[in-house]
1. By how many degrees, between 0 and 90 and to the nearest 10, does the Cα long axis of helix 41-51 differ from the longest principal axis of the chain?
2. Could you calculate the contour length gain from S272 to S322, that is, 0.36 nm times the residue separation minus the distance between their Cα atoms, to one decimal place in nm?
3. In nm, to one decimal, how far is the modelled label at F77 from the one at F461, with both set 7 Å along Cα→Cβ?
4. Let me know the shape class of region 319-427, please: from the alpha-carbon gyration tensor, a ≥ b ≥ c as square roots of the eigenvalues, rounded when a/c is under 1.5, otherwise prolate if a/b is greater than b/c, or oblate.
5. What distance in nm separates the simple spin-label points at D70 and R418, each placed 7 Å from Cα in the Cβ direction?
6. In the chain, with Lys and Arg counted as +1 and Asp and Glu as -1 at Cβ, which of these residues, G533, P60, L141, has the Cα nearest the positive end of the dipole, that is, farthest along it?
7. Can you tell me the 0 to 90 degree angle between the C-alpha axis of helix 129-142 and the longest principal axis of the chain, rounded to 10?
8. For a quick check of your reading of the filter: which trypsin sites (Lys or Arg not before Pro) in region 15-71 sit in a DSSP loop and have no more than 15 other Cβ atoms within 10 Å?
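Every number here is computed from the coordinates shown, using simple stated rules; none is lab data. All values reported here derive from a predicted model rather than from experimental measurement. Here Cβ is always computed from backbone atoms with ideal geometry, including for glycine, and neighbour counts include all displayed protein chains.
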Amino acid sequence: MVEPEGDTVEGRAELLDRDDISPGQLCRHIRSAVARRARTPFADTLRDYVYSAKDAWHTPGHCGGDSLRDSPWVADFYHMMGEHIFNTDLSVSVQSLDSLLEPHSVIQEAQELAAEAFGAQHTFFVTNGTSTANKVIVQHLLGAGGKVILDQACHKSVHHAVILFGAEPVYLPASVNSRYGMYGPVPQKHVFDALEQHPEARLLVLTSCTYDGFRYDLAPIIAAAHERGVKVLIDEAWYAHGRAHPAFRPNALDCGADYVTQSTHKMLSAFSQASMIHVADPDFDEHRFRENLNMHTSTSPQYAMIASLDVARKQVSLEGYSQLQRCLGIATRLREGIQKTGVFRVLELEDMLPASLVDDGIRLDPLKLSVDVSASGMSAREVQLALFEDYGIQIEKVTHNTFTVLVTLGATQSKVLRLLNALQKLARRGPVEPPEDAPEAPVSALPPLSEFVRLPREAFFGPARERALDREDGGINEALVGAISADQVVPYPPGIPALNPGQLITREVASFLLAQYRSGNGIELHGLVERGGRPYLRVCA
């Protein structure tokens, strides 16, 4: 890990003065530090246990794959997955593997090494994703009914927490770039105003960086919250790599956040669902936090997932800088190659940033490339399908006129060649100039977020009825306009709710949801229900 000048080095660091240390001493210090970073206490113990070939008379029922391996019906699944996915799937009965619910040996040590690597006071492994991590922290800090200031475009898990724990939300209006279908950060002034107007608030929740790569200038925001006694949770699900290279710093912990959630699996090398909670709260009550965490933690965790967190931490500790330097080079090569097609264009920060954020110090993660397809004569969904079906390439996501490519640690130069080759061939179909009178924001673009008129918990658990989203003639159901949503309706990806319980249903939101429902763009709409081939949603009675 690279420490910027002036930083305090956390953990078991070696602070050395060049004037009073010999080359031999320096080598020993370096060797000791590298050896510590190279440890993977949990992954090593898991490997050793697997290789010891113990007989299993305990859960899980497949017993290392024995129930599948010789079956005439399901042995193909065993061989496709490989033996180690099964023999690393073990039980809490194996005491040498420690307990995720109450760690005291190898999981505890792995979490301590992760805290050192990511710059936290404490780190906790989470095996149900950052979605669960966010809920744990909101529950820990608010209990039942506390006031929280949050970005209206936060991930749905934060809104779930508001419903579950009866929090009183103060919603910050997210900026919207309707031209490209992106939610941006909250203008800094709105955050400061909310902190000033709600002195009883106990928690501020923001997302940095976002799915599209927007990063806040967090230091002044966190300082303003702390001046008022407000704890700060930053959802860094998309930014677990942010500490390992100076090009990505400062991250949330550098800026003083109390709690940070990270999806270690999104950009680094952990398995899906593997996440971490990082804590730097000076008032941290570990026992109380552990009780809240255990309410959301399975008593049968997936051990391969825990091992992947241990290994991902080792990798970022030892080669995070070099790997991210390589990724930056790949991103640059991709950006230049895409621009050379003359048809596809990688958006720059100034293209994506709403006018209200120009002076807020917003940065863009260079490893998230949003590509404008407007001049191609194809929709982003058509480009996505062509890349997948004709060239075997799966991209991250699309809006109505952009697609997103993530440059993760798994990116390779060969993949760059194949993607650029595919885009060059698609570009040869010929650029199409959009008509001069083309609308900037088509109906499938993001609508403005509507206001809340009822507490989310009251709306979700209160009396409700179903109403159709459309009329039989195909238009939107006008009876919905002005109604109050009783459910969360979420286009996924990215998982940002278009409606939350208690939120007013506007004509723009209803039109957007209907257009998404009919678009066939591969986006799921969580919260809608089909009745007789038509979409319905619950509204407050």
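1. Taking Cα atoms only, the helix is inclined about 80 degrees.
2. Details: separation 50, 0.36 × 50 = 18.00 nm, distance 2.33 nm.
That pair, S272 and S322, stretches by 15.7 nm at full extension.
3. 3.8 nm
4. Values: a/c = 1.94, a/b = 1.10, b/c = 1.77.
Here region 319-427 falls in the oblate category.
5. For D70 paired with R418, the spin-label model returns 3.8 nm.
6. Working it through, the farthest residue towards the positive pole turns out to be G533.
7. 90 degrees
8. Working: sites: R18, R28, R31, R36, R37, R39, R47, K54, R69; in loops: R39, K54.
Here the sparse-neighbourhood loop sites are K54.
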